[in-house]
1. I'd like the full set of residues that are in a loop (DSSP other than H, G, I, E, B), more than 22 Å from residue 92 (Cα to Cα) and either modelled with pLDDT under 90 or not assigned by TED's automatic domain parsing to the domain that holds residue 97 (or both), limited to the stretch 29-58.
2. Out of the stretch 76-91, which residues are in contact (Cβ under 8 Å) with a residue 60 or more places away in the chain and within 17 Å of residue 103 (Cβ to Cβ)?
3. Could you check the stretch 101-130 and list, in sequence order, the residues that are under 20 Å from residue 61 (Cα atoms) and in contact (Cβ under 8 Å) with a residue 24 or more places away in the chain?
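The values are calculated or read from the model by the stated rules, or taken from the named source; none is laboratory data. Keep in mind the model is a prediction, meaning the values are calculated, not measured. Cβ coordinates were reconstructed from backbone atoms using ideal geometry, including for glycine residues, and neighbour counts include every protein chain displayed.
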């Protein structure tokens, strides 16, 4: 592994631990040349997922695109980046276990909403308002009524 600071290819592993529900390994490394510490991740390479957009266009799935959308929904909310990463891990696990190579973007959005509802209701509403492309205030209120109904069921 090349040191990101000096480019030396010799390092030692200082710490290793399982992450992402044991589907990856996080390694803390120390460069033997400059002493800089850096982190690497090792994971099993999975089959690529193709996202079928509403327009019919097919594109490769990119985790960062989903993280950007979820992060925007969670702005100024008490949701850590680690919680967002865990949420995405669950979404991706569901995608992978479906066995489908092509997945409609709506399905991915629904998976995100299912997880986001458990993490933060305000972020859930924010994400849903963009993902579902509300055309009226009535659609927005219907979502809020559904969320309120689920809350009442829990009590």
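1. 32, 33, 34, 35, 36
2. Of everything in the stretch 76-91, just one residue is in contact (Cβ under 8 Å) with a residue 60 or more places away in the chain and within 17 Å of residue 103 (Cβ to Cβ), namely 89.
3. 101, 102, 103, 104, 105, 106, 108, 112, 115, 116, 127, 130, listed by residue number.
Matching residues to (1) surrounded by fewer than 16 Cβ atoms within 10 Å (Cβ to Cβ); (2) closer than 23 Å to residue 23 by Cβ:
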residue	(1), (2)
96	yes, yes
102	yes, yes
119	no, yes
123	no, no
142	yes, no
